[in-house]
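*Asks:* Handing you a structure now.
The values are calculated or read from the model by the stated rules, or taken from the named source; none is laboratory data. Predicted model, so just to flag it, every value in this text is computed and none were measured. Note that we place each Cβ from the backbone using ideal geometry, even for glycine, and neighbour counts take in every protein chain shown. For accessibility, only protein heavy atoms count, side chains too; no ligands or nucleic acids. Shrake-Rupley method; radii C 1.70, N 1.55, O 1.52, S 1.80 Å.
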Amino acid sequence: MQEPKRYLITAALPYANGLKHIGHLAGAYLPADIYVRYLKAKKRDVVFVCGSDEHGTAIPIQAMKEGTTPQAIIDKYHEIIKQNFADLSIAFDIYDRTSAPIHHETSREFFTALHDAGELETKETEQYYDEQAATFLADRYIKGTCPNCGFNGAYGDQCEKCGTALSPDELINPVSTLSGAVPIKKKTTHWYLPLNRHEAFLRQWILEEHKDDWRANVLGQCKSWIDGGLLARAVTRDLDWGIEVPLAEAKGKVLYVWFDAPIGYISATRSWAKQHQKDWKPYWYSKDTKLVHFIGKDNIVFHAIIFPVMLKLHGNILPENVPSNEFLNLEGDKMSTSRNWKLDMQDYIDDFVKKENGGPQMVDALRYYLTQIAPETKDSEFTWKGFQDAVNSELVAIFGNFVNRTFVLMHKLTGGKVPPVHAAILDEKDHDLANAIRASKEKMETLLEGYKFREAQFELIDLARKGNRYMQEKEPWIKAKAGSSAQPEIDNCIHYCLQLCANLAILAHPFLPNTSQKMIYLMKVVDKLLEWENAGSLKLLSVGYSLRPPELLFRKIEDMEIQDQIDKLKNNSTPTATQATSPETAAPAAPEKPAKEIIQFDDFAKIDLKVGTILTAEKVEKADKLLKLSIDMGTETRTIVSGIALHFKPEEIIGKQVVVVANLAPRKMRGIESNGMILMAEDAAGKLHFVQPESLINAGAGVS
């Protein structure tokens, strides 16, 4: 593929209705920042855009909660979120906002272009209307009894207790949250984007053209939506907070937030271009621009199906990739703002970055751990003990230790200067380290280009590990006891270690930007060293050049700090229905199932267990408990029907790896032939859990 002339990188616009947690950071913003820093290190033309999403019902609802106005809410949270990103070294080229006049103008122009081209449809429907408040009601302005669990405070779009997605028509005894009145049904007209007209295009573009370069979870969710049949989607709604629809007959209506929010990428690009006296249009219209959307899995449909249709109709370029991450859980449970089971970016900044012994090193500590556990292919989990272990065992003991030892030994054994190389006595270990540096650069480059940031960071820390091993094998501190006769060997060792430090500064910069800056300060070199083309060289630091005394790059995380965070999380949160708060309130454990009769080894040996990856998942019609799954088994794709629909939503399990009984005789379930069985574990509360590999493995791998 020809090198793009320019890159436009977007990260999902966060709602300006509250603080954002580290799950959001890990899902879209950190991976995007890593990719952009890498591209800029390669001196590519890159613009990285983001901004606050400031429309939709979430904003006025938060305003009611805080007893203020929607404008005050967006002004407050826009500034907080923007500063949080800056404090955690997320380096947008522009962080804009959808309340800006240029965004309103861009969105109205976009709508008008589609409307005038006949690409929108009008439909008259009946919606709930509050006669006392004299307004149509958005889903979140309606409350009632959940038909699934009986909770009497369910919203019109979701039950906060059981999590079931709802529509207002499903609620029992609905009432308006604005007045408390029982709403009536009233006719209203809206404009729709007929996605059904574009199924053939989407099937070809996504499932054929991008089947080899998009992530399995993205392809799986898109295929499920397309196969299920796309429907026309309203682009306007009856609301007084948002962008007015630019039609005389649409008085009192605004653009639906899902329609205007992604247009925020375009308006932000326009704002950036205006600030830098550049032409914004090539970034959205030129075929030699590479557009990449970084998102979380709850945004896949919007960025991989709906927005591309909008862009195609508007004459814009389409995204080359939509690298979506799965969800990041926290200490054994899903993050939840309503239950306060979360770690806000602001809380981490206050507790670690702004406190004594904090600063930039603690920014990089969080970036490192979130990348190490990045939910690139499946949901992952943040634990405070895991964070402590990653910092202490890897950043401190491997990366920081190698750099510190190198600088200490340089000042002790080579006068604080870069020693010369004595080529005649270079040995196999020296050549192996040089080869490892060059190989790591090439491997990391391939991984970063393929959006495999977790693996790329592992390669980085592994290179530092090789540096430690090299130094340990060379033992310059031992050789120093032999006097001047050993100096040439000492020089070679210190020289190669210093060149490795310079390489680590370059390779680490996308992941650990503050650490890299501190390293080039210690080496007394300019930022230009961090250009990617310099990596792999063993001539980055000149012989005889004096370097600064060593300074620790990272500090250890103490047990007390970790325990404080665990206590804080538990004390401030509201437990879920499945979380026992004390022995007295805990639900009784499910009775143990009786053990089955003993079998012989030969019986067990007949079972063929293999690892598979879930590609698609969909509910089986008229079967509440069944999901129809297509599973990649390495050499084939299997259809398996599994009774897990009450425990998992189809979109939640795309990309998960599972263990399959591969030689089970086929059986028909609801008219579908099922070829295998997925292994599941059931806990005391009756919840099912996948039996799966500890880390990602190739589909079709045998289990023994």
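*Asks:* Before I look further, what does region 296-442 give for accessible area per residue, probe 1.4 Å, in whole square angstrom?
*Replies:* Heavy-atom accessible area per residue stands at 36 Å².
*Asks:* Still on this model: Please determine, in degrees from 0 to 90 and to the nearest 10, the orientation of helix 70-87 with respect to the longest principal axis defined by the Cα atoms of the chain, where the helix direction is its Cα long axis.
*Replies:* 20
*Asks:* OK, next. Can you match volume of the Cα convex hull per residue in Å³ to one of these, (1) 150; (2) 180; (3) 205, based on a calculation from the structure here?
*Replies:* Computed from the coordinates, volume of the Cα convex hull per residue in Å³ corresponds to (3).
*Asks:* Taking the alpha-carbon distance from residue 649 and a cut-off under 18 Å, which aspartates and glutamates remain once sequence neighbours fewer than 8 residues away in the same chain are dropped?
*Replies:* Cα-Cα hits under 18 Å: 157, 160, 227, 298, 326, 333, 379, 618, 621, 624, 682.
*Asks:* When the accessible area of region 147-190 is split by element with a 1.4 Å probe, what percent falls to carbon and sulfur?
*Replies:* 48
*Asks:* If you line up the long axis of helix 453-474 against the longest principal axis of the chain, both from Cα atoms, how many degrees apart are they, to the nearest 10?
*Replies:* 20
*Asks:* Solvent-accessible area of residue 568, probe 1.4 Å, all protein chains present, reported in Å² to the nearest ten, please.
*Replies:* Here the accessible area works out near 70 Å².
*Asks:* Multiply the residue gap between residue 637 and residue 528 by 0.36 nm, knock off their C-alpha separation, and tell me the result in nm, one decimal place.
*Replies:* 34.4 nm
*Asks:* Given points 7 Å out from each Cα along the Cα-Cβ axis, report the residue 134 to residue 112 separation in nanometres with one decimal.
*Replies:* The two pseudo-label positions are separated by 3.0 nm.
*Asks:* While we're looking at this one, here's another question. Which far-off residues, 5 or more places away or on another chain, put their amide H under 5 Å from the one on residue 329, with H placed in the peptide plane?
*Replies:* 380, 381, 382
*Asks:* Among DSSP beta bridges lying fully in the chain, give the percent that are antiparallel, nearest 5.
*Replies:* Around 70 percent of the beta bridges assigned by DSSP in the chain are antiparallel ones.
*Asks:* For the chain, give me every cysteine whose Cβ has no other Cys Cβ within less than 4.7 Å, ordered by residue number.
*Replies:* Taking the Cβ cut-off of 4.7 Å, the unpaired cysteines of the chain are 50, 222, 493, 497, 501.
*Asks:* Now, a different point. Express in whole angstrom the spacing between the alpha-carbon centres of region 145-223 and region 649-665.
*Replies:* The two parts, judged by their Cα centres, are 25 Å apart.
*Asks:* Next question, about the same structure. Summing -39500 (n - 2.57) over the DSSP H runs of n ≥ 4 in the chain and dividing by its residue number, what mean residue ellipticity at 222 nm do you reach, to the nearest 500 deg cm²/dmol?
*Replies:* -10500 deg cm²/dmol
*Asks:* Could you name the aspartates and glutamates whose alpha carbon sits less than 19 Å from that of residue 312, not counting residues in the same chain fewer than 8 places away?
*Replies:* Candidates past the 8-residue exclusion: 109, 116, 119, 121, 199, 208, 209, 260, 288, 320.
*Asks:* Mind checking the full-extension length gain between residue 211 and residue 619? Use 0.36 nm per residue of separation minus the Cα-Cα distance, one decimal, nm.
*Replies:* 144.6 nm
*Asks:* So which of 43/518; 443/619; 211/429; 65/342; 441/524; 82/466 end up more than 31 Å apart, counting from Cα to Cα?
*Replies:* 443/619; 211/429; 82/466
*Asks:* Between residue 356 and residue 609, what's the calculated FRET efficiency when r is the beta-carbon distance and R0 is 56 Å? Round to 0.05.
*Replies:* 0.60
*Asks:* Per the 1.4 Å probe, what fraction of the accessible area of region 615-663, in percent, lies on carbon and sulfur atoms?
*Replies:* Its accessible area is 43 percent carbon and sulfur atoms.
*Asks:* Per residue of region 330-337, what does 6.51 cos²θ - 1.76 cosθ + 1.60 with θ = phi - 60° give for ³J(HN,Hα)? Whole Hz please, x for Gly and Pro, Karplus curve as stated.
*Replies:* Each residue's phi maps through the Karplus curve to give 9, 6, x, 8, 5, 5, 8, 5 Hz.
*Asks:* Calculate, in nm to one decimal, what residue 661 and residue 558 gain on full extension: separation in residues at 0.36 nm each, minus their alpha carbon distance.
*Replies:* Roughly 32.6 nm would be gained on extension.
*Asks:* Separation between the residue 5 and residue 680 pseudo-spin-labels, each 7 Å from Cα along Cα→Cβ, expressed in nm?
*Replies:* The two pseudo-label positions are separated by 5.4 nm.
*Asks:* Follow-up. If you take the square roots of the eigenvalues of the alpha-carbon gyration tensor of region 1-137 and sort them as a ≥ b ≥ c, do you get rounded (a/c under 1.5), prolate (a/b over b/c) or oblate?
*Replies:* Cα axes put region 1-137 in the oblate bin.
*Asks:* Report the label-to-label distance for residue 697 and residue 231 in nanometres (one decimal), using points 7 Å from each Cα along the Cα→Cβ vector.
*Replies:* Label-label distance for residue 697 and residue 231, simple model: 4.1 nm.
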